[in-house]
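Please read the structure below before turning to the comments.
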Amino acid sequence: MRKYNASRPVLVTGGAGFLGSHLCDRLLGLGHEVICVDNFFTGARRNIEHLLDHPRFELMRHDVSLPLQLEVDQIYNLACPASPVHYQHDPVQTVKTSVLGALHVLELARRTQARVFQASTSEVYGDPDVHPQPEAYWGRVNPVGLRSCYDEGKRCAETLFMDYHRQCGVDVRIGRIFNTYGPRMHPNDGRVVSNFIVQALRGEPITIYGEGRQTRSFCYVDDLVDAFVAYMAHGGPLPGPINLGNPHEFTIRELAEQVIELTGSSSKLVFKPLPADDPQQRRPDIRLAGQQLGWEPKVQLGEGLRRTIAYFEELLQPVH
Ligand code: NAD
Ligand code: UDP
């Protein structure tokens, strides 16, 4: 029987990224010692700058597609570019990050008997023909398209997590994350919320891909970090997968209109071609997270957008 060992640190791969840096903040706040591993592909030093002098924080520059040797008690595996623009930039590296990264953290977990969380994704459902998406749905994914490096990489990572659980008894937790937004998204990230806010604040046209009738369900980052921590605190075994996201669904056009209203921007909407394999609809069924973790998101889109807009307003201030 695995014993919780509070004297060993918690590892966060991808800890300098958007979600990872918020998670590091939270774990330090809970009293943990935290090791952040990142290769800074999409992460930013400014996301963790405030932590560099923290006595319980350690930063390690490392690529998770290579093995790593550490003594840890818990692992959150978040390393992987999440924006379609970034994960399609070097698709082979994206697959290596997902699949070899998973393999290496699982080996580490097996050796150290650490509990390990996998940041999986709603992309495992592809362009879904079941709506909303429950965990039991197997998805509709193109294995040879432009998004496949990410979608299939994450699906293979889930497979590895379940096989290490069944074959080696590793205490795994698979969270399927739906679109999440908030402060510390990269301004050139390419994802819809950061794109629209940056465009609105600069008075540039808001780029809607397709007609903007496709839907997404947006979760504020603080709510998601609550879910991560609740999931890892569960006595288990609870391999999941468990959907983590906000079930309130909006069209992309509605999102654009809300961003324009909240920023008071004079930006106009422009329509661009829809990227290949862009899912038409996406909304999580989060009943399992409610039952197992007692979790549900609390922050409404308007409030989360206000907080995110405030962050980008400050970030985009000209430096004097
Ligand atoms: P992000 O791009 O801000 O963060 C990813 C981090 O991983 C970055 O700091 C990056 O430098 C690092 N990284 C990438 N490749 C690496 C490698 N080979 N070795 C070490 N570090 C590496 O993205 P995010 O939104 O914070 O996403 C974090 C995780 O959550 C990802 O695994 C992503 O797939 C998953 N996820 C996020 C969302 C979302 O909406 N934010 C949705 C579904 C899944
Ligand atoms: N999108 C858009 N304009 C943008 C960026 C994205 O209309 O500037 C659309 C994109 O086509 C998709 C949705 O917004 O339908 C969400 O895109 P994102 O890249 O944020 O995440 P996805 O859920 O597609 O991985």
For this session: Please list, ordered by first then second residue, the pairs with beta carbon atoms under 6 Å, 6 or more apart or interchain, first in the stretch 264-281 and closer than 10 Å to Y209 by Cα, second assigned to a loop (DSSP other than H, G, I, E, B).
Result: V270/P205; L274/G210
Problem set entry | Selected residue (only one of R282, R253 is within 14 Å of ligand 1 (Cβ to nearest atom), modelled with pLDDT of 95 or more and farther than 30 Å from V10 by Cα) | R282
Exercise. Among the strands (runs of 3 or more DSSP E) contained in the stretch 32-94, which hold 1 or more residues that are in contact (Cβ under 8 Å) with a residue 60 or more places away in the chain?
Worked result: 74-77
For this session: Six or more apart or on different chains, Cβ under 9 Å: which pairs go from a residue in the stretch 307-320 that's on the phi > 0 side of the Ramachandran plot to one that's at pLDDT 95 or above and surrounded by 10 or more Cβ atoms within 10 Å (Cβ to Cβ)? Could you list them?
Result: none
Exercise. Can you tell me which residues in the stretch 20-30 are more than 17 Å from V105 (Cβ to Cβ) and either within 8 Å of ligand 1 (Cβ to nearest atom) or in contact (Cβ under 8 Å) with a residue 12 or more places away in the chain (or both)?
Worked result: S21, H22, D25, R26, L28, L30
Exercise. Got a sec? Which of V116, V170 is in a loop (DSSP other than H, G, I, E, B) and touching a helix residue (DSSP H, G or I) at 6+ places or on another chain (Cβ under 8 Å)?
Worked result: V170
Exercise. Does D278 qualify as being of a type outside the set (A, V, I, L, M), within 22 Å of G190 (Cα to Cα) and in a helix (DSSP H, G or I)?
Worked result: no
Exercise. Among (1) over 17 Å from P279 (Cβ atoms); (2) more than 19 Å from the chain's Cα centre (by Cα), where does A119 come up short?
Worked result: (2)
Exercise. Do you know which residues across the stretch 211-254 are over 30 Å from R166 (Cα atoms), of a type in the set (A, V, I, L, M) and touching a Leu at 6+ places or on another chain (Cβ under 8 Å)?
Worked result: V221
Exercise. Here are some conditions: (1) exposed (fewer than 13 other Cβ atoms within 10 Å of the Cβ); (2) within 16 Å of ligand 1 (Cβ to nearest atom). E303 meets all but one. Which one does it not meet?
Worked result: (2)
Exercise. Among the residues of the stretch 148-158, is any acidic (D, E), assigned to a helix (DSSP H, G or I) and either within 17 Å of R306 (Cα to Cα) or more than 16 Å from ligand 1 (Cβ to nearest atom) (or both)?
Worked result: no
Problem set entry | Any chance A256 is over 14 Å from the mean Cα position of the chain (by Cα) and part of a helix (DSSP H, G or I) | yes
Problem set entry | Candidates V144, V124, V130, V116 - the one that is among the β-branched types (V, I, T) and within 15 Å of ligand 2 (Cβ to nearest atom) | V124
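Listed here are the residues, each with its yes/no results for (1) among the aliphatic types (A, V, I, L, M); (2) under 22 Å from H165 (Cα atoms); (3) more than 8 Å from ligand 1 (Cβ to nearest atom).
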| position | (1), (2), (3) |
| --- | --- |
| F18 | no, no, no |
| Q93 | no, no, no |
| H104 | no, yes, yes |
| L108 | yes, yes, yes |
Exercise. Under the condition of being surrounded by 19 or more Cβ atoms within 10 Å (Cβ to Cβ) and more than 14 Å from ligand 2 (Cβ to nearest atom), which residue from the stretch 242-264 is farthest from A119 (Cα to Cα)?
Worked result: T263
For this session: Considering only residues that are in a strand (DSSP E or B) and of a type in the set (K, R), look in the stretch 173-186 and name the one that is farthest from ligand 1 (Cβ to nearest atom).
Result: R173
For this session: Mind listing just one residue for me: the one in the stretch 198-241 that is among the hydroxyl-bearing types (S, T, Y) and within 15 Å of N179 (Cβ to Cβ) and, of those, surrounded by the fewest Cβ atoms within 10 Å (Cβ to Cβ)?
Result: Y209
For this session: Scan the stretch 233-253 for residues that are assigned to a loop (DSSP other than H, G, I, E, B) and closer than 25 Å to E313 by Cβ and jot them down.
Result: N246, H248
Problem set entry | Only one of E211, E261 that is away from ligand 1 (no atom under 16 Å from the Cβ), of a type in the set (D, E), modelled with pLDDT of 95 or more and part of a helix (DSSP H, G or I) | E261
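The values are calculated or read from the model by the stated rules, or taken from the named source; none is laboratory data. Keep in mind that what you see is a predicted model, and the values were worked out from it rather than measured. Glycine gets a Cβ as well: all are built from the backbone with ideal geometry, and neighbour counts include every protein chain shown.
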